[in-house]
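Shown next, in structure tokens, is the structure this report addresses.
All of the numbers you see were taken from the coordinates with simple rules; none came from a lab. Quick caveat, the model's predicted, so the values are computed rather than measured. Reconstructed Cβ throughout: ideal geometry from the backbone, glycine too, with neighbour counts over all protein chains shown.
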Amino acid sequence: MMKRAFFSFSLVAIVLSACNSNSGEAEVSTEKTEETGVPIPKQIGAVNDFEGIINDEDEIDINAAIKNFRESTGNRIVVVTMDTIPSDENATLFASKIGNLWDIGEGPKNNGVIILMSEGVSQIGIATGQGLEEVYNDSVCDHVIRSIIPHLSVGDYSGGVTKAISLLGDVNKPTNN
């Protein structure tokens, strides 16, 4: 109970830091980036559950939501869970560093989004490539994070991620002019 309350409180605190800062053993990148000082695991797909908090059935649903997001927006989205992040960074900044290392945003388009969650340090962050900073500005990311906190505070990580993907997709639906 205390852990859930702390997790909720921490998530609210992380929301205030905004979002747009420039299943099994994960293989760890041999590159320790100077920016993080922490080895970043190699990307294994659209869902990278290094913390083991998303069950296999839910991962299938999240992958379907990610596919729908890509088809409807033309942008990429990646979900990452990690049990730790560098102690001197918030989740959004660390997510940005992961996105840069993994080159999520299709090169010059820079149209990637990373949702990073860490139950271990009770943080969540959303980082976007520069090509999406106007679409997914701090206000949008703040709204998304606030909207999924109820899911995360009761341990429904999959529900929270799915809702985040849906909310982000709703913001970036193409308009017919």
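Quick check: anything in the range 93-116 over 17 Å from GLU51 (Cβ atoms), aliphatic (A, V, I, L, M), assigned to a strand (DSSP E or B) and under 13 Å from the mean Cα position of the chain (by Cα)?
yes
In this structure, is VAL154 β-branched (Val, Ile, Thr) and either surrounded by fewer than 23 Cβ atoms within 10 Å (Cβ to Cβ) or over 16 Å from GLU51 (Cβ atoms) (or both)?
yes
Is it the case that GLY131 is within 16 Å of SER166 (Cα to Cα) and among the small types (Gly, Ala, Ser)?
No; evaluated as a whole, the condition is false for this residue.
Would it be correct to say that SER96 is out of contact with any strand residue (DSSP E or B) (no Cβ under 8 Å at 6 or more places or on another chain) and either under 23 Å from ASP138 (Cβ atoms) or of a type in the set (S, T, N, Q) (or both)?
no
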